Amino acid sequence: MVKKIFKILGLALALIIAALVVFAFYFCYHNTHWWEKDMKKIERLGICEKQVTLPNGHVINYGELESDGPALLLIHGQMVAWEEYAGVIPQLSKNWHIYAVDLYGHGESSHQKELYYLDVNGDDLIWFIENVIGKETVVSGHSNGALLAAYISAYGKNLVKGCILEDPPVFSTQGEGWETSFAYLDTYQPLHEYLSSEQTECWPAYYLRHCYWGQLFMKDAMPGLANYAQYYREKHPGEEVKIMFLPKSLTTVFHYVEQYDMQYGEHFYDLTWNNGVGHEQMFSDIEVPCIYLHAKENLHENGVYLCAASREQADRAVALIGSHCRLIETSDSDHSIHGNHQDIYIKAVNSFLKEQ
């Protein structure tokens, strides 16, 4: 009887260990291959990567998925590329003809420091709508891409049918509480200091060593993670740094950073990206139907906002736009609403189908 019990316990333990091994393998594999499933889906749907050269010589790289539906322009945020929308493109493609662009300084679009301004990139995207898309368009932007969507919606004349502003860093990126904001402390200050340093290690390693979220929540673990990132880069020069111990949400930007011009970030560090375009006036000038998607405010005990904008800033932006703007707030402060609240994001985009 005792032998039978030990045999059963041994079998149960073996099954538990096997399950843990399988889970660990899946966890590590997913963390280093998270993009493949979504990319294969949109490739099967027939998405094509294209480029257009503007009359001024600037190049805009974009992905296009054709359909009989109305036009939808997707504008990504900082340190990523158009492919970052791959997770929502299959659902959106059921109703929309999709154009997803690389911003200047990102992906395969032009990398020239003089292009890294709100109005410069915004005016060229207005040209893109008029000359490439060629019809009224719904514009959706994320983070600083949402500020570009606001600019296009305000100054694109009759080219824009509606806009989705996905968690824009409104007011902060023109100086309001900027140096105590999470974006400044976590990304732009470390990036500026990295560019000013001798750069003895790769950016992912430096970032992990100095990022604000790491200092808040994983301080003791960060030196080891940074050392691993540097080790990986030395073993795989020129390749994306893959860290199997960290989930996608913490390492997404490493997937695209090799095609990112860090001088773009310098314009956010020194607050020159707006190039004289005031957020107050820009939001007041939006006359098309608009949805502002706001990630719920999250204030750390030390007083730092762990979000792109406070609820007060979001409410102020919505008030400036007026009665044709609707605020939708998520249940948490995750900045990538289209990535982590796909149902909310897709519903918001599809609400503009009624306007077509």
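The values are calculated or read from the model by the stated rules, or taken from the named source; none is laboratory data. The structure displayed is predicted, hence computed values, not measured ones. Using ideal geometry, Cβ is built from the backbone for each residue, glycine included, and neighbour counts are taken over all protein chains shown.
Taken together, Gly162, Gly107, Gly134 contain a single residue that is modelled with pLDDT of 95 or more and under 30 Å from Glu234 (Cβ atoms), which is Gly107. The residues in segment 84-141 that are among the basic types (Lys, Arg) and buried (at least 18 other Cβ atoms within 10 Å of the Cβ) can be counted, and the count is 0. Scanning segment 150-179 for residues that are touching a residue at least 40 places away in the same chain (Cβ under 8 Å) and of a type in the set (Gly, Ala, Ser) gives Ala150, Ser153, Ala154, Gly162, Ser172, Gly175, Gly177. Listed by first and then second residue, the pairs with beta-carbon distance under 8 Å, at least 6 apart or on different chains, first residue in segment 258-280 and of a type in the set (A, V, I, L, M, F, W, C), second surrounded by fewer than 13 Cβ atoms within 10 Å (Cβ to Cβ), are Leu271/Gly175. Cβ separations smaller than 6 Å between residues 6+ apart or across chains give the following pairs from segment 98-121 residues that are on the phi > 0 side of the Ramachandran plot to residues that are in a helix (DSSP H, G or I): Gly105/Tyr264; Gly107/Gln259.
Look at Ala314 and say whether it is surrounded by fewer than 16 Cβ atoms within 10 Å (Cβ to Cβ), of a type outside the set (S, T, N, Q) and either more than 16 Å from the chain's Cα centre (by Cα) or on the phi > 0 side of the Ramachandran plot (or both). No; evaluated as a whole, the condition is false for this residue.
Within segment 241-274, the set of residues being modelled with pLDDT of 95 or more, among the charged types (D, E, K, R) and not in a helix (DSSP H, G or I) comprises Asp261, Asp270.
Every test in (1) closer than 30 Å to Gln215 by Cβ; (2) in a helix (DSSP H, G or I); (3) more than 17 Å from the chain's Cα centre (by Cα) is passed by Gly339 save one, and that test is (3).
Among the residues here, Thr180 does not qualify as polar (S, T, N, Q) and crowded, with 23+ Cβ neighbours inside 10 Å.
Which residue is surrounded by the most Cβ atoms within 10 Å (Cβ to Cβ), if the candidates are limited to segment 248-295 and must be of a type in the set (Ser, Thr, Tyr) and under 20 Å from the mean Cα position of the chain (by Cα)?
The residue in question is Tyr292.
Checked against the criterion of being assigned by TED's automatic domain parsing to the domain that holds Glu287, out of contact with any Lys or Arg (no Cβ under 9 Å at 6 or more places or on another chain) and closer than 13 Å to Leu72 by Cβ, segment 169-177 contains not a single residue that satisfies it.
Apart from one condition, Trp213 fits all of (1) surrounded by fewer than 19 Cβ atoms within 10 Å (Cβ to Cβ); (2) farther than 16 Å from Leu250 by Cα; the exception is (2).
Quick check on segment 68-83: of everything there that is assigned to a loop (DSSP other than H, G, I, E, B) and either under 21 Å from Lys41 (Cβ atoms) or of a type in the set (Asp, Glu) (or both), which residue is farthest from the chain's Cα centre (by Cα)? The extreme case among them is Asp68. Pairs are defined by a Cβ separation below 8 Å, a sequence spacing of at least 6 or placement on different chains, a first member in segment 180-201 that is closer than 21 Å to Tyr228 by Cβ, and a second member that is assigned to a helix (DSSP H, G or I) and polar (S, T, N, Q); the pairs so defined are Glu201/Gln230. Is it the case that segment 275-296 has a residue that's touching a strand residue (DSSP E or B) at 6+ places or on another chain (Cβ under 9 Å) and assigned to a helix (DSSP H, G or I)? Yes - at least one qualifying residue is present in segment 275-296. Among the residues of segment 157-172, those identified as in contact with a strand residue (DSSP E or B) (Cβ under 9 Å, 6 or more places away or on another chain) and either over 10 Å from Ala309 (Cα atoms) or in a strand (DSSP E or B) (or both) are Leu159, Val160, Lys161, Gly162, Cys163, Ile164, Leu165, Glu166. Residues that are in contact with a Leu (Cβ under 8 Å, 6 or more places away or on another chain), modelled with pLDDT of 95 or more and in a helix (DSSP H, G or I) are absent from segment 321-331 altogether.
Among the residues that make up segment 283-306, is at least one of them free of Cβ contacts under 8 Å to residues at least 12 places away in the same chain and under 30 Å from Gly162 (Cα atoms)? No, segment 283-306 has no match at all.
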